[in-house]
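Below is one structure; the comments refer to it alone.
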Amino acid sequence: HVKGRGKDGYQFFTESMSVNTTHRLGMERDLRRALQAGELRVFYQPQICLRTGLCRGLEALVRWQHPTRGLLQPGEFLPLAEETRLIGDLSEWVLATACREMGSWLKNTEEDIRLSVNFSPMQVEHPRFVDLLLQRLEHYDLPPERLEIEITENMIISDLEQISLKLDQLSSYGIRIAIDDFGTGYSSLNYLHRLPIHTLKVDQSFVRSIRHGEEGACIVNAITAMARGLQLDIVAEGVETRDQLAYLRELGCDSVQGHYFSEARPRDELALSDASPEPVYYNVI
Ligand code: C2E
Ligand code: MG
Ligand code: MG
Ligand code: MG
């Protein structure tokens, strides 16, 4: 930022910094208020199994229905929440809401669908993380085997011993563990056989750069091959085109998630087979 602004750079920086600080304080207050006022929403995006064409999971993604700014995406407020520890309350709210909105449906449906929830480092680092999570599930009557938690590689390297204990416990209750944005973190691959990981989510940056013969395709290819060897489930994120879908299929990718099939939607706009006994099939070519 500062670089390239010539000798006035420093002055500009301090000025814009104080503007930013004011802006941030305002935003922080606004977000805290929003949480109380019920302006946050949980949307759900289906993950589709390419073998069956059925939904294998629904990922909970937070949104902010702002009174004046409209519907805000997490990129517009999560970074701030993460800096201010608001992320703890926010993530707890998302988990509770997702369990409440989906719990009884998931418990009663015959379809093999899981709820995927993104976890922040702060939640996982909490000393009573496992306890609290199990309590939540019980409270909302969501069977543990219906939950998949999404964590990132960076969360694992910060404290491998602690996280390994926690994940082993979760796994023993039937909760599944997914590595989100796989391939973009700074960790080694060592943890993959030391931890009870069930799913790798291929980051959308790789999916986006898929064209035959390009680097993205090589990487997706390698990840898929490795996942198969380790018997891990693969979900490719950010699938937008028929070509991407076809290529991922060819590589033997298990499931996909992306705008090609559906964006994240509110609970009551999901095509769930509540009324009819027939599950919803997606056209996977
Ligand atoms: P993520 O967990 O990797 O989620 C996938 C993101 O990709 C979502 O963005 C989703 O809307 C978007 N996406 C899905 N398909 C497509 C597609 O075909 N094209 C494009 N361009 N994007 C697609 P979203 O909802 O904006 O969330 C961004 C990130 O914010 C998430 O990435 C996750 O890291 C974080 N996040 C969202 N909700 C929560 C939450 O409740 N708690 C925590 N801790 N993090 C959350
Ligand atoms: Mg995710
Ligand atoms: Mg991701
Ligand atoms: Mg992401």
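None of the figures in this text is laboratory data; all of them are computed from the coordinates on show. Everything numeric in this text was worked out from a predicted model, so none of it was measured. As a convention, Cβ positions derive from the backbone with ideal geometry for all residues, glycine included, and neighbour counts pool all protein chains shown.
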According to the Cα gyration tensor, what semi-axes, each the square root of 5 times an eigenvalue, does the equivalent ellipsoid of the stretch 96-154 have, listed from largest to smallest in whole Å? 21, 13, 8
Which trypsin sites (Lys or Arg not before Pro) from the stretch 79-176 combine a DSSP loop assignment with at most 11 other Cβ atoms within 10 Å? 85, 128
The answer for chymotrypsin sites (Phe, Trp or Tyr not before Pro) in the stretch 103-190 that fall in a DSSP coil and have at most 12 neighbouring Cβ atoms within 10 Å is 186
Expressed as a rounded percentage, what relative contact order does the stretch 141-285 have, with Cα pairs under 8 Å and six or more residues apart? 16 percent
Percent of Cα pairs exceeding the 27 Å cut-off, where the set is the chain: 46 percent
Among DSSP bridges having both ends in the chain, what percentage is antiparallel? Round to the nearest 5. 45 percent
Can you compute the radius of gyration and Dmax for the stretch 155-238, using only the Cα atoms, both in Å? 13.5, 42
Contact order relative to length of the chain, as percent, for alpha carbon pairs under 8 angstrom and 6 or more apart: 18 percent
Identify the GluC sites (Glu not before Pro) of the stretch 145-231 meeting these criteria: DSSP loop state and at most 14 other C-beta atoms within 10 Å of the C-beta. 214
Could you tell me the distance between the Cα centroids of the stretch 136-215 and the stretch 28-79, to the nearest Å? 20 Å
Can you give the alpha-carbon Rg of the stretch 228-285 over 2.2 N^0.38 Å, where N counts its residues? 1.31
Inter-site label distance for residue 85 and residue 39 at 7 Å from Cα along Cβ, in nm: 2.3 nm
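For the stretch 32-155, which semi-axes, largest first and in whole Å, follow from the square roots of 5 times the eigenvalues of its Cα gyration tensor?
For the stretch 32-155, the ellipsoid semi-axes come out as 24, 18, 15 Å.
Which of 202, 130 comes first, and how do the rest follow, when ranked by fewest Cβ neighbours within 10 Å?
Details: 202 30, 130 19.
Arranged by neighbour count, lowest to highest, 202, 130 become 130, 202.
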On the formula 1/(1 + (r/R0)^6), with r taken between the Cβ atoms of residue 259 and residue 171 and R0 of 45 Å, the FRET efficiency rounded to 0.05 is 0.90
For residue 59, distant residues with modelled amide H under 5 Å away: 45, 47, 116
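When the helix-only estimate is applied to the chain (DSSP H runs of n ≥ 4, each -39,500 (n - 2.57), divided by the residue count), what is the mean residue ellipticity at 222 nm, nearest 500 deg cm²/dmol?
Values: 11 runs with 127 residues, N = 285.
My calculation for the chain gives -13500 deg cm²/dmol from helical runs alone.
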